[in-house]
Amino acid sequence: MTDLLDVAAMARWIQRDGAEAILRGMAQYVEDDYRRFDRFDKTPRVASHTPFGVIELMPTSDGELYSFKFVNGHPLNPARGFQTVTAFGALADVDNGYPIFLAEMTLLTALRTAATSAMAAKHLARPDSRISAMIGSGSQSEFQALAMRAVLGIEDLRIYDIDPAAIDKMCRNLEPLGFRIHRADSPQEAVQGADIVTTCTADKALATILTDDMVAPGMHLNAIGGDCPGKTELEAAVLDRGPVFVEFTPQTRIEGEIQQKEPDFPVVELFEVLSGAHPGRESAEQVTIFDSVGFAVSDFAGLRYAREANLGTELMGQVDLVADPEDPKDLFSLVAALSPVG
Ligand code: NAD
């Protein structure tokens, strides 16, 4: 039997343990796995693009466990009543190749993306960061805000979205949790005075959500929405304002903000900062840029954390996923009894 965490169980786990406690724990798992980045089997994700969006497969392995995620990205979906991003994924035992854990990953992707953003900000943003601006108030936004509070203690948000209903929704979800929210009328107003700026918009276009004139010294930029060829959020000049940090260079060159730059544009992998090979932020005035696209090692850490947190609890279901006859050479035995005679 394979352990299973479906959507209802994932939601109940988050309610039971609290999103911020989970995000804090998951950020540590993400950090632990990026610290041992050289141990992972890594490849850019396999993407199938259409004019409507993309469907991607994201595999990785640390030699003991193997993980994959199936994820879509369809920016036009909300207008049709569907979500932009949905996902599911699995962990398998490398020893015999059997899947040991199957999980919904729409909620888990929001958690792991926010945990990765917060882990990167912990190492790259100014330690005295107090104000966070968010452009894009869709599905990812609350999780991003909660992770920044869980890991960095930030409670002051300045938010902007082209859709006023999305801003209403974000205020409705976060104000009862104690966030102080300023609703901005423009992206320029939102980023004014912010220490950390998160862009999490969805549009399959080379957009300029954040222009160079909006970037102030000392800011940390957390750009998560530009994650596909032809889909970016930062004006190209922003990328010259400070060092650009990435998850896995070969994938980010295809999908990230740096697709707008020459193929040898210098970047630093998060792993290098965590290992001490790169100093990360070097002054309070420096601008730091996390060009996030979402990498398989973050999914691996998220799956590992979700499984361990729920092993043996009533939330963990089971699914009969592997055909496993008593005689491993007699697969037919599973159907022979059902076969019509003659
Ligand atoms: P969503 O569709 O739920 O929300 C996107 C929001 O952006 C919407 O509210 C929309 O109105 C707003 N928006 C669009 N254009 C805008 C503009 N020009 N200015 C301001 N707001 C604008 O999408 P989501 O699930 O929240 O995902 C957000 C983005 O993050 C997507 O592009 C998605 O592909 C990406 N994503 C990245 C990662 C990662 O690991 N880097 C993970 C998950 C999702």
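Tabulated data for the structure shown
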{"quantity": "Cα-only Debye scattering, the chain: base-10 log of I(q)/I(0) at q = 0.07, 0.11, 0.13, 0.14 Å⁻¹", "calculated": "-0.30, -0.70, -0.96, -1.11"}
{"quantity": "Label-point separation in nm, ALA79 to GLU64, each point 7 Å along Cα→Cβ", "calculated": "4.8 nm"}
{"quantity": "Protection proxy ranking of 165-178, 279-292, 312-325 - average other beta-carbon atoms within 10 Å, highest first", "calculated": "279-292, 165-178, 312-325"}
{"quantity": "The chain, relative contact order [Cα under 8 Å, separation at least 6], %", "calculated": "21 percent"}
{"quantity": "Cα-based equivalent ellipsoid, region 233-290: semi-axes from gyration tensor eigenvalues, Å", "calculated": "18, 15, 8"}
{"quantity": "Rg in Å to one decimal, and Dmax rounded to a whole Å, for region 264-324 via C-alpha atoms", "calculated": "19.1, 60"}
{"quantity": "Interchain or long-range residues, amide H under 5 Å from ALA133's placed H", "calculated": "ARG158, ASP195, ILE196, VAL197, THR198"}
{"quantity": "Theoretical ellipticity at 222 nm over the chain - DSSP helices of four or more residues, -39500 (n - 2.57) apiece, nearest 500", "calculated": "-9500 deg cm²/dmol"}
{"quantity": "Only Lys, Arg (+1) and Asp, Glu (-1) charged, at Cβ; the chain dipole about Cα centre in debye", "calculated": "560 debye"}
{"quantity": "Rh by Kirkwood over Cα pairs, then Stokes-Einstein D for region 31-84 at 0.890 mPa s and 25 °C, µm²/s", "calculated": "188 µm²/s"}
{"quantity": "Taking region 90-155 and dividing mean pair separation by its residue count, relative contact order in percent (alpha carbons under 8 Å, at least six apart)", "calculated": "33 percent"}
{"quantity": "Expected-Rg normalisation [2.2 N^0.38 Å, Cα atoms] applied to region 163-308", "calculated": "1.11"}
{"quantity": "Selected from PRO243, VAL94, ILE135, residue furthest toward positive end of dipole (the chain; charges at beta carbon)", "calculated": "ILE135"}
{"quantity": "Full-stretch length increase - GLN15, LYS122 - with 0.36 nm per residue and alpha-carbon distance subtracted", "calculated": "36.0 nm"}
{"quantity": "Expected-Rg normalisation [2.2 N^0.38 Å, Cα atoms] applied to region 1-103", "calculated": "1.23"}
{"quantity": "Partners for LYS204 among lysines (Cα-Cα distance below 20 Å; same-chain residues under 8 apart left out)", "calculated": "LYS231, LYS261"}
{"quantity": "Unit Cα scatterers, Debye sum, region 49-111: log10 I(q)/I(0) for q = 0.12, 0.14, 0.16 Å⁻¹", "calculated": "-0.36, -0.47, -0.58"}
{"quantity": "Pairwise centroid distance, computed over Cα atoms, of region 254-290 with region 21-61, Å", "calculated": "18 Å"}
{"quantity": "For region 85-177: rounded, prolate or oblate by the Cα gyration tensor [a/c cutoff 1.5]", "calculated": "oblate"}
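Bear in mind these aren't lab numbers, they're just calculated from the coordinates by the rules spelled out. The structure displayed is predicted, hence computed values, not measured ones. Virtual Cβ from ideal backbone geometry, glycine too; neighbours counted across all protein chains shown.
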